Amino acid sequence: MLTRRYFVTAAGLVFAGLVRPGPSLAAAPIEIRMRNNATRDKSWYDPVGLHIEPGQSVRWILETDVHSAAAYHPKNANHSLRIPPEATPWDSGLKTTKGQHYDLTLTVEGVYDYFCLPHEHDGMVGRIIVGKPGNGPGTLPFDYYKGKPEAAHWVAIPPAARKMFPTVQAIMAKGTVHYAAA
């Protein structure tokens, strides 16, 4: 039974800074829009860079065309590893109807790079930092794995995609980095 004393004690601990309330379980996911221009020659995520706290959820929402969101991970068509090694890779599958979405809750701290399967070669990529960036593969050069036998079959990130990633420093400074049309 919850008593008045329990509530007064809990409120006092929070006020004193000894206990911090956790993120609300009912908090709405942070939205990332999957977009392209009218001529369909440019596709992007917006925001393209995002800083969140562990346990927060992200929602990729399809606005136009056909898009997906997949972690850079060998389990996703042998792509190079660009998420924390302890994290679970994801693949939203192709979204084909406006408004379709994919939700994901990220709990492991680090840098998560992801791509759109049909538009990766056009530069449709994004980066999420969960908590502190750490020292995982998302903080390393794009070709960090070259010469490692276990990575011999990994697919490299295309040059157009490499140019689109916001830096870790920009994301940490701004919190959210929006797509800037070139």
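The values are calculated or read from the model by the stated rules, or taken from the named source; none is laboratory data. Just so we're clear, the structure is a prediction, and the values are computed from it rather than from any experiment. Quick reminder, even Gly has a Cβ in these numbers, built from the backbone with ideal geometry, and neighbours come from all protein chains shown.
What tally of residues in region 147-167 results from selecting those that are among the hydrophobic types (A, V, I, L, M, F, W, C) and touching a strand residue (DSSP E or B) at 6+ places or on another chain (Cβ under 6 Å)?
4
Going by the structure shown, is Thr107 at pLDDT 95 or above, surrounded by fewer than 21 Cβ atoms within 10 Å (Cβ to Cβ) and in a loop (DSSP other than H, G, I, E, B)?
Yes: the conditions hold for Thr107.
Of the residues in region 134-166, how many are of a type outside the set (D, E, K, R), surrounded by fewer than 18 Cβ atoms within 10 Å (Cβ to Cβ) and free of Cβ contacts under 8 Å to residues at least 60 places away in the same chain?
Summing the residues that are of a type outside the set (D, E, K, R), surrounded by fewer than 18 Cβ atoms within 10 Å (Cβ to Cβ) and free of Cβ contacts under 8 Å to residues at least 60 places away in the same chain in region 134-166 gives 12.
Give just the number: which of (1) more than 27 Å from Gln56 (Cα to Cα); (2) assigned to a strand (DSSP E or B) does Ile128 not satisfy?
All conditions are met except number (1).
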